[in-house]
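First comes the structure, then the notes that go with it.
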Amino acid sequence: MDDVVYALSRDGGAVDYISASAARVFGYAPKAFLQDPALFSRIILEEDRTLFTQGLSALEGGRLQEVRYRIRHADGSIRLVINRMNLILDNEGLMNRIGGLVRDITDAVEAENQLHLQERALASSSCGVVISDMKQPGQPVIYVNDSFERITGYASDEVLGRNCNLLQHEGDDLAALAEVRDAIRSGRSCKVVLKNWRKDGQAFWN
């Protein structure tokens, strides 16, 4: 598994088991944790350790706990992980050990943050931005920014799901539109000047 599977003593102070993926996620071989049980919590950044201990304490309530915290990888890098921990019960139903999974979510979170940054950049652009899904029938519009609404007079809910040819009149700029279609088919970029029409019927060039 990509996730680290582990089992701790009831007080969290001893590592009874840790899977081989610890070497990838933490940078330490499993035997390092077995020989030095404190390593499991020591690699957590000091300012985040209370998150881990609070999760352990909350397990007494008998519910699955999910905590995020930062660790220092053996190579010195800081990684963000999510730890899902639960109780391991004995045959009498009493808490015997603590078990769980640790997943490195650093790359996923960074990708999500980058996506949000790009979305904010598109939304704040003074240029009208429209994105169509060319894989769906009719190539529906799936995104427009505020500037598109300002330039065209159409609200986003009037455009989403429709083809952007709603901005054109029959017979407008046939050569330019043909160039756009050819660029889409060949998977290349293109730059054309189009005559479009606002919702109020006024023409504009873009």
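Judged by the mean number of other Cβ atoms found within 10 Å, the most tightly packed of the peptides 133-143, 181-191 leads the ranking 133-143, 181-191. The alpha carbons of region 164-206 occupy a box of 34, 17, 16 Å along the principal axes, longest dimension given first. Specify the residue with the greatest mean-square fluctuation among A32, A123, A178, computed from a Gaussian network of the chain linking alpha-carbon atoms under 10 Å apart. Result: A178 has the largest fluctuation of those listed. D for region 3-144, whole µm²/s, Stokes-Einstein with Kirkwood Rh over alpha-carbon pairs at 10 °C and 1.306 mPa s: what number? After rounding, the answer is 90 µm²/s.
Per-residue SASA remark: E47, around 120 Å² accessible (1.4 Å probe; ligands, DNA and RNA not included). Spin-label pair I142-A183: with each label point 7 Å from Cα along the Cα-Cβ axis, the two points sit 2.0 nm from one another. Ranking of W205, W197 by solvent-accessible surface, largest first: W205, W197 (1.4 Å probe, protein heavy atoms only, all chains present).
Please give the helix 49-58 orientation as an angle from the longest Cα principal axis of the chain, in degrees from 0 to 90, rounded to the nearest 10. Helix 49-58 sits at roughly 70 degrees to that axis.
Label separation (E158 vs M1): 5.3 nm, computed from points 7 Å beyond Cα along the C-beta direction.
Principal-axis analysis of the Cα atoms of the chain puts helix 106-124 at an angle of about 30° to the longest axis.
For R24, the accessible area of its heavy atoms, probed at 1.4 Å with every protein chain present, is near 130 square angstrom.
Under the convention that each Lys and Arg Cβ holds +1 and each Asp and Glu Cβ holds -1, the size of the dipole of the chain around its Cα centre is about 300 debye.
Extending 7 Å from Cα along the Cβ direction at Q114 and again at A20 yields two label points whose distance is 3.0 nm.
Computed from phi, the 3J(HN,Hα) profile of region 185-200 under the Karplus parametrisation 6.51, -1.76, 1.60 (θ = phi - 60°) reads 5, 8, x, 10, 7, 8, 9, 9, 10, 10, 8, 10, 10, 6, 4, 7 Hz, with x in place of Gly and Pro.
The values are calculated or read from the model by the stated rules, or taken from the named source; none is laboratory data. These figures come from a predicted structure and were not determined experimentally. We place every Cβ from the backbone using ideal geometry, glycine too, and count neighbours over all the protein chains shown. With ligands, DNA and RNA removed, areas are computed over all heavy atoms of the protein, side chains included. Shrake-Rupley method; radii C 1.70, N 1.55, O 1.52, S 1.80 Å.
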